[in-house]
1. Can you find a residue that is among the acidic types (Asp, Glu), in a strand (DSSP E or B), closer than 20 Å to LYS181 by Cα and out of contact with any helix residue (DSSP H, G or I) (no Cβ under 6 Å at 6 or more places or on another chain) anywhere in region 79-91?
2. One residue is enough: does region 68-81 have a residue meeting the conditions modelled with pLDDT of 90 or more and over 17 Å from VAL139 (Cβ atoms)?
3. Given (1) at pLDDT 95 or above; (2) surrounded by 11 or more Cβ atoms within 10 Å (Cβ to Cβ), identify the lone condition not met by SER169.
4. If GLU163 passes every condition in (1) at pLDDT 90 or above; (2) closer than 20 Å to SER62 by Cα; (3) in contact with a His (Cβ under 9 Å, 6 or more places away or on another chain) but one, which one does it miss?
5. Considering only residues that are more than 25 Å from SER35 (Cβ to Cβ) and surrounded by 13 or more Cβ atoms within 10 Å (Cβ to Cβ), which ones fall in region 139-158?
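The values are calculated or read from the model by the stated rules, or taken from the named source; none is laboratory data. Small disclaimer: the values here were computed from a predicted structure and weren't measured. Using ideal geometry, Cβ is built from the backbone for each residue, glycine included, and neighbour counts are taken over all protein chains shown.
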Amino acid sequence: MKRLIMFFIIIFPFVIEDDGFTEPFQGSKNSELLSAISKLEPEAKILQKEDINKLDCEEEMSGLIRADFNGDGLEDYAVLLKIGNIEDTVYTYKGIRYPWRRLRVWLVVFLRKGKGDFQPIVLQRLEEHSHPAYVYISVHPPGIVRDVHSGQDVKLNLPSIQETFCGKSAQIFYWVHQVKKFNTVYISE
């Protein structure tokens with residue numbers, strides 16, 4: 001007798017997470033995002049999987065995610081952007097000089113305002129980040145999280161942006177509808 005194996009897939013219609021876009025994008029939606037990125041910072045490029053430190057980070061890492069982050073029914077994007085070129089430099093620690101590759105990384109959310117129109121919000125600027133990067137983003141689903149600094153529970157009503165520093169810490173940027181801005185909760189140190 002043959003065994004029947006069933007696979008169940010749970011789909012959250014409000015969360016769409018990308019597992020690694022590559023440039024150039026295909027389709028009009030993606031060209032709209034690339035145009036919005038270029039308007040914000042002409043030198044910016046989306047952080048790719050090959051830019052992320054694979055030794056310290058998890059397998060499922062991304063520099064671009066999609067979801068409705070502000071609850072208006074429109075798909076938004078959160079993006080880790082490489083700004084400019086990677087710089088080879090020297091880092092000195094306790095009198096010893098180490099070769100170091102420096103990278104500028106910004107975390108930006110692009111809230112969709114209408115067809116082809118975005119409102120960019122820079123959530124964080126990491127001006128002295130190492131390359132390969134040890135940061136990636138993912139969609140965090142709605143629910144309750146505990147802030148490790150305050151010990152308080154925070155309710156996330158919408159999909160949110162989780163920024164993870166590989167092997168170190170994680171924080172969530174979530175939309176606060178009453179004040180129409182993002183707030184931060186630290187979920188690990």
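1. no
2. Yes, region 68-81 contains a residue that is modelled with pLDDT of 90 or more and over 17 Å from VAL139 (Cβ atoms).
3. (1)
4. (3)
5. First, pick out the residues of region 139-158 that are more than 25 Å from SER35 (Cβ to Cβ): 140-158.
HIS140, PRO141, PRO142, VAL145, ARG146, ASP147, VAL148, VAL154, LEU156, LEU158, listed by residue number.
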